[in-house]
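The block underneath contains the structure these notes are about, expressed in C-alpha cells.
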Amino acid sequence: CVARRTGETYARWTPAFDERSSEQARLGAQIRHGLDTGQFQVVYQPIVRLPECRVVAVEALVRWRHPQRGLISPALFIPVAERNGLIVELGAWILETACERLARWTAELGPLAPDRVSVNVSARQLARSGFAASVAAVLARTGLAPHQLTVEVTETAVFEGGPAVAALHGLRALGVRIALDDFGTGHSSLGLLQSVPVDVLKIDKSFVDRVTEAGRHAVIAEAMMQVTSGLGLDAVAEGVETAEQAEVLHRLGYRLLQGYHFGRPAEEPDFTVRAVHA
Ligand code: C2E
Ligand code: MG
Ligand code: MG
Ligand code: MG
C-alpha cells in the first residue's frame, strides 16, 4: 500500500524533566491550564484492512501543543494526568471529540468514512464508577452507534480486575467494542483472555518490528494470530513501518494493519489509501 511520510515530531526533553517531582507538579498545573485554554488536540491514525487497504477505522490519539514547549508526547503527559486525576476530564473530552468527529465524517463522506473510531482509555478512567454510563451518554449525544466505538485498554489497566473489568462488561453490554492494546507486553496476556471481555487484540509494535527476520518474532506473531482467530477475535498489527512487514503479516493471516507505512496520525487523515501490492 501507499506509504505516507509527512509527520510530526515531539519536542525533546531532558531526562531530568519527567523524574523530578517538582517538575511533575508543574506539568500537572500546566495540563490544567492547557485544558482550560484549548491546547489539546485529537489526531487520527488510519487502521487499514488488507488486501484492499480500505481505512476501516481510525485510532484517536491526543496531542498537546504547548505554546512554549511545542508538541509534547502523550507518553510523557498521560502518566502525569493519571496521577493527578486530570485524565478523567481530559479523557472525557477526547472521547466526546473523537465520537463527534466520526459522526461528522460519516455525515460528510458517507461510504468513504471509516466505520469505527478507537479511543484509548486509561485505568483510572475505566475504574471510575459510571464510566459505561458516561460512554452511553456520549453515544447518545453524538448519534454514534455503539459498534462504531472501540475502547482500547492495556493489559495492565485490567490486570487487577475489580471495577475496571466490571466497566468492560458494562461497555460490552452496550455493544461497544473492546481492544486490548500493546498485546503481548504485559504480565498475563493469555490468562486475561479467559476472564476479560475482548473483541480485538492489538499486537504490539515490538513484535512487528522484527517480524521480517526469520526467528522467534515471526513465530510469536503467528502464534498470536492463531490464538486470535481461534477465539474469533480481530487482530490489529501496530507500528507497521515497511511494505516488507505488511507483506509478512499478511502472509501470517493479519488483515488489519496500522502504522506509519499506511498513514501517520493527522487531524484530517487521508481515507483513500489504495493498494499498490498485496
Ligand atoms: P498506543 O495506544 O499504543 O498508540 C500507538 C502509538 O504508536 C502512537 O503514539 C502512534 O503515533 C504510534 N505509532 C503508530 N504507528 C507507528 C509506527 O509505524 N512507528 C512508530 N514508531 N510509532 C507508531 P502516540 O500518539 O505518541 O501515543 C503513545 C501512547 O500514549 C499511546 O500508545 C497510548 O498508550 C497513549 N495515548 C495516546 N493518546 C491517548 C489518549 O487519548 N488517551 C490515553 N489514555 N492514552 C493515550
Ligand atoms: Mg492505542
Ligand atoms: Mg498500542
Ligand atoms: Mg503503545
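Here are some notes:
- You will find that of GLY230, GLY239, the residue that is free of Cβ contacts under 8 Å to residues at least 60 places away in the same chain and within 16 Å of ligand 4 (Cβ to nearest atom) is GLY239 and no other.
- One residue alone among ARG128, ARG124 is within 14 Å of ligand 1 (Cβ to nearest atom), over 19 Å from GLY191 (Cβ atoms) and assigned to a helix (DSSP H, G or I), and that residue is ARG124.
- Test set (1) open to solvent by 10 Å² or more (accessible area, probe 1.4 Å); (2) at pLDDT 95 or above - PRO46 fails condition number: (1)
- With a requirement of 2 or more residues that are surrounded by 19 or more Cβ atoms within 10 Å (Cβ to Cβ), the helices (runs of 4 or more DSSP H) lying completely within the range 184-278 that satisfy it span 205-209, 216-230, 243-251.
- Restricting the range 168-183 to residues that are hydrophobic (A, V, I, L, M, F, W, C) and open to solvent by 10 Å² or more (accessible area, probe 1.4 Å), the residue that is farthest from ligand 3 (Cβ to nearest atom): ALA173
- When we screen LEU180, LEU168 for residues that are assigned to a helix (DSSP H, G or I), within 30 Å of VAL138 (Cα to Cα), touching a Leu at 6+ places or on another chain (Cβ under 9 Å) and not small (Gly, Ala, Ser), the only hit is LEU168.
- Residue that is nearest to ligand 1 (Cβ to nearest atom), among those in the range 57-87 that are open to solvent by 40 Å² or more (accessible area, probe 1.4 Å) and under 24 Å from ALA127 (Cβ atoms): ALA75
- Criterion applied to LEU109, LEU76 was being touching a Phe, Trp or Tyr at 6+ places or on another chain (Cβ under 8 Å) and farther than 25 Å from GLU238 by Cα, and the one residue passing it is LEU109.
- Residue check for GLY28: on the phi > 0 side of the Ramachandran plot, modelled with pLDDT under 95 and of a type outside the set (Val, Ile, Thr): no
- Test set (1) more than 16 Å from ligand 4 (Cβ to nearest atom); (2) at pLDDT below 95; (3) surrounded by 17 or more Cβ atoms within 10 Å (Cβ to Cβ) - THR154 fails condition number: (1)
- Pick from the range 116-137, criterion touching a residue at least 24 places away in the same chain (Cβ under 8 Å) and more than 20 Å from GLY85 (Cβ to Cβ), ranking: surrounded by the most Cβ atoms within 10 Å (Cβ to Cβ): SER118
- Count of residues meeting criterion [under 27 Å from ALA103 (Cβ atoms) and in a helix (DSSP H, G or I)] in the range 136-162: 11
The values are calculated or read from the model by the stated rules, or taken from the named source; none is laboratory data. Model, not experiment: these values are computed from the prediction. Note that we place each Cβ from the backbone using ideal geometry, even for glycine, and neighbour counts take in every protein chain shown. All accessible areas refer to the heavy atoms of the entire protein, side chains included, with ligands and DNA or RNA removed. Shrake-Rupley method; radii C 1.70, N 1.55, O 1.52, S 1.80 Å.
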